[in-house]
Ligand SMILES: [Zn+2]
């Protein structure tokens, strides 16, 4: 087969970091890599409502790199529009996808109901993008694949999912079309991580589709655990009473729990209650329990770190935690304070100087997390303003994405340069910086930064 018989359509994750969807057409088949929703700015979110410019009923398969919302949660919408193929991913990826799509259907249904009740939608009747019923029709299409094994998909087409260190179960995907190998990086993780094994590296890629979220940046160097310890202990030694750790439910919450448990094991947190209040993160803990081979925490340690926490089950218990006079550290969602149980803690504690809010990940523009980082002195929650006198800290040392040097390192075992490299999943400035790096340090000459909905034939 000639490369010119392979056609790629960039349906998302091109020119932006969200909405990852890439359609490969070859040998009479159509295979989609990832199926994510657009997030963030309104103009991006509106794209989720537009019909995909493809024949959805012609798509045979969806291959998922990992279970994050921006890579998996468009699936029920695809099914609603007539997709009847199969969805392949590792076991943790499919478990996380089920959690994520069930949760987003529930949230969108509730939002539509509320808009209809209160009459604030511009539409006569507000509808969710998809419903729990669409989710129920999606789940039976899922098929588990083993990490690290080649699988024959169709005549002349095979695939291998290989571990890439970003979140539990996440992989890069090697798609072999006769003898032509396409490699999709997915979101790349870190060289070393407290919970996860380091990424594997591709040895061969004729065509490479590479994420560039941090293509223009290096993460801060240093000892993340020691810095975390200094911040946490510093808070209490100065008379602090409450630390709030807004965290993403997948991976970040588990990481924060693990680090706090380590501190407790060292005897550094006497008489301080550890609380985790996130129904979604509680479900993700189950995925960690049932997938030992996808992380490197021993079983006794995993159970021990979960046991170190009061895991809040319902909203009444949230109020009991707030009302108790004890010193405490609360880990809860959402990571950028756009919603979730953490908002209730903010209402109760944001005006108290004895509180520290430690932000644990990227804070997008327009979120409460970003506003706090920028020093805002009051914060609007559920229609009311709350004074902010709490200390605000940014734990920027924790990122689930590899930085520029890690992205570059991931390419170090390729036996020869790809025919062509496509830089995806990055803001334009970030993709451009990484392109320049590959051109100058690796002398790669054929690098493209595709735009949204661009369709190309390989050559
Ligand atoms: Zn991700």
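Each value in this text was obtained by applying a stated rule to the coordinates, not by laboratory testing. Model, not experiment: these values are computed from the prediction. Counting neighbours? That spans all protein chains shown, and the Cβs are built from the backbone with ideal geometry, glycine included.
Brief remarks on what is shown
- Kirkwood Rh and Cα Rg combined as Rg/Rh, the range 224-394: 0.95
- The range 18-74 shape via C-alpha gyration tensor axes, a/c threshold 1.5: oblate
- DSSP assigns beta bridges within the range 224-394; of those with both partners inside it, close to 15 percent run antiparallel.
- Extension gain, residue 60-residue 225: 0.36 nm per intervening residue step, less the Cα-Cα distance, totals 54.9 nm.
- Modelled label positions at residue 427 and residue 440, each set 7 Å beyond Cα in the direction of Cβ, lie 2.0 nm from each other.
- Alpha-carbon centroids, the range 136-185 and the range 217-291: separation in whole Å: 33
- Taking label points 7 Å from Cα along the Cα-to-Cβ direction, residue 2 and residue 451 give a separation of 2.8 nm.
- Euclidean distance of C-alpha centroids, the range 2-25 and the range 423-444, integer Å: 18
- Helix-only [θ]222 nm of the chain, DSSP H runs n ≥ 4, -39500 (n - 2.57) each, per residue, nearest 500: -9000 deg cm²/dmol
- Net length gained if the chain between residue 409 and residue 381 were fully extended (0.36 nm per residue, minus Cα distance): 5.8 nm
- The chain: antiparallel DSSP beta bridges as a percent of all, rounded to 5: 45
- Rounded if a/c under 1.5, otherwise prolate or oblate - the chain, Cα gyration tensor axes: prolate
- Taking the number of Cβ atoms within 10 Å of each Cβ as an exposure proxy, the fewest-first ranking of 33, 151 is 151, 33.
- The modelled label-to-label distance between residue 49 and residue 237, using points 7 Å beyond Cα along the C-beta direction, is 5.3 nm.
- Computed E for residue 304/residue 416 - FRET, C-beta separation, R0 56 angstrom, nearest 0.05: 0.75
- Calculated FRET value between residue 27 and residue 151, using beta carbons and R₀ = 22 Å, to 0.05: 0.90
- Ranked for footprinting exposure by Cβ neighbours inside 10 Å, fewest first, 331, 145, 183 give 145, 183, 331.
- Cα gyration tensor shape of the range 113-265, rounded if a/c is under 1.5, else prolate or oblate by comparing a/b with b/c: oblate
- One chain, two ends: residue 459 and residue 41. Fully extended at 0.36 nm per residue, the span grows by 147.0 nm beyond their Cα-Cα distance.
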